[in-house]
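For reference, the structure is listed below as structure tokens.
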Amino acid sequence: MIQREEYTPRPAYGAQIRKDGEKWTLILVRELRHSPEKVWQALTDPAHLREWAPFDADGNLGTVGSTVKLTTVGAPTPLVSETTVTRADAPNVLEYKWGGFDMKWELEAWAGGTRLTLWTNIGHRFIAMGAAGWHICFDVLDHLLSGIPIGRMVGPAAIKFGGWQRLNAEYAKQFGIETPNWPPQVDQK
Amino acid sequence: MKIKVTSLYVDDQDRALRFYTEVLDFAKKTDFSQGPYRWLTVASAEDPNGVELQLALNSNPAAKAYQQAIFQQNQPAIMFFTDDIKGDYEKVRGRGAEFTMPPTDVTGSTIAMLKDTCGNLVQLTQLAKW
């Protein structure tokens, strides 16, 4: 059992980007030691999302056509975006939008666990930041499903505890993009 | 307390960044994203540590209605100050900006108004010297 303060993410892995003009898609693959049913619940149930996801949901995401408000956690000014679930084939495929982002989740049974794939489009300047953020979220999710939660790490908490800055640089290098200037190196006085 | 940043709603942050940096000569200050959120600010190149202008994506229906209403009433969403309004007018117009009012004398100042290409009118102001 690890404590939150002891958590250190492994180096960047399991990520690809697909470029389609200005629209870039981040594809992250994780192999989790938990059943697709269990992972599905963590992806759709607001009480589970609150423990690991970068947004809070005011309703369940597991039903096609349902309208749910997603609140980005830790945004510098409050951001709530309303979404409609466009696909929910439990426990395999889930699709909805988060703000302007398409979110597609695929869960495949794999060696007694789940191979989880996320496709999400992110502006290309921020794609390494997004990969770093999701990397940490997935680690938190894995711990949560193992019954040893280390607590959600998003926004400022990720930057503070999660090795996020290192991951950001690693993913930027993997993707062949410049490391974004964040946290800003400029004088903030 | 200090006034450090003021916010302006824009309907496209990439287009806003181009307008405020390439047409108005401001400098990008901070640009980061968290999920669908993007915090984007610019500052005056003449005063890089001065007040920042946040270019906030207008995804809020209430704010959109307000933005459109004041635009239609020819009300500026933001005002910038210059020491050379005629020179700036020619320079900015030369870069393709669309002015709705050329430099015009009013009480205490000379003002001009232009579109920011992102749903707003911007007023340029030069205070009169008495």
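Throughout, read-outs are computed from the coordinates displayed, never taken from laboratory work. This is a predicted model, so every value here is computed, not measured. Methodologically, a virtual Cβ is constructed for each residue, glycine included, from the backbone with ideal geometry; neighbour enumeration extends over all protein chains shown.
Of A:THR44, A:TYR13, B:CYS118, which is farthest towards the positive pole of the protein assembly as shown's charge dipole, taken about the Cα centre with +1 and -1 on the beta-carbons of Lys, Arg and Asp, Glu respectively?
Comparing the listed Cα positions along the dipole, A:TYR13 ranks first.
Taking the number of other C-beta atoms within 10 Å as the exposure measure, put B:ILE3, B:ILE85 in order starting with the fewest.
Listed from fewest to most nearby Cβ atoms, that is B:ILE3, B:ILE85.
With Kirkwood's inverse mean 1/r over C-alpha pairs for Rh, give me the Rg to Rh ratio of segment B:5-127, two decimals please.
Over the Cα atoms of segment B:5-127, Rg/Rh equals 0.96.
What does the C-alpha gyration tensor say about the overall shape of segment A:84-163? Classify as rounded when a/c is under 1.5, otherwise prolate if a/b is larger than b/c, or oblate.
oblate
Determine which lysines satisfy two conditions relative to A:LYS173: a Cα distance under 18 Å, and not lying fewer than 8 residues away in the same chain.
Cα-Cα hits under 18 Å: A:LYS19.
Note down the relative contact order for chain B as a percent, whole number, built from C-alpha pairs under 8 angstrom at least six residues apart.
Relative contact order, chain B: 24 percent.
Using a simple spin-label model with points 7 Å from Cα along the Cα→Cβ vector, what separation in nm is obtained for B:LEU127 and A:ASP20?
In this crude spin-label approximation the distance works out to 5.3 nm.
Compactness ratio of the protein assembly as shown: Cα Rg over 2.2 N^0.38 Å, N = residue count?
1.16
Could you work out Rg/(2.2 N^0.38 Å) for chain A, with Rg from alpha carbons only?
0.99
Per DSSP H run of n ≥ 4, the term is -39500 (n - 2.57); total these for the protein assembly as shown, divide by its residue number, and report the mean residue ellipticity at 222 nm rounded to 500 deg cm²/dmol.
That calculation yields -7500 deg cm²/dmol at 222 nm.
Once phi is turned into θ = phi - 60°, what whole-Hz ³J(HN,Hα) does the Karplus curve with 6.51, -1.76 and 1.60 give for every residue of segment A:140-153, x standing for Gly and Pro?
5, 4, 4, 5, 4, 5, 7, x, 10, x, 10, x, 4, 10
Whole Å is fine, so just give me how far the alpha carbon centre of segment A:92-161 lies from that of segment B:23-79.
A separation of 30 Å, based on Cα centres.
Work out from phi, with θ = phi - 60° and the Karplus expression 6.51 cos²θ - 1.76 cosθ + 1.60, the ³J(HN,Hα) of each residue of segment A:154-161, listed in order in whole Hz, and give x for Gly and Pro.
Once rounded to whole Hz, the list reads 9, x, x, 5, 5, 5, 6, 9.
Would you mind checking the pairs B:LYS29/B:LYS64; A:LYS69/A:LYS104; B:LYS29/B:LYS115; B:LYS4/B:LYS28; B:LYS4/B:LYS129 and listing those with alpha carbons more than 20 angstrom apart?
With Cα atoms farther than 20 Å apart: B:LYS29/B:LYS64; B:LYS29/B:LYS115; B:LYS4/B:LYS129.
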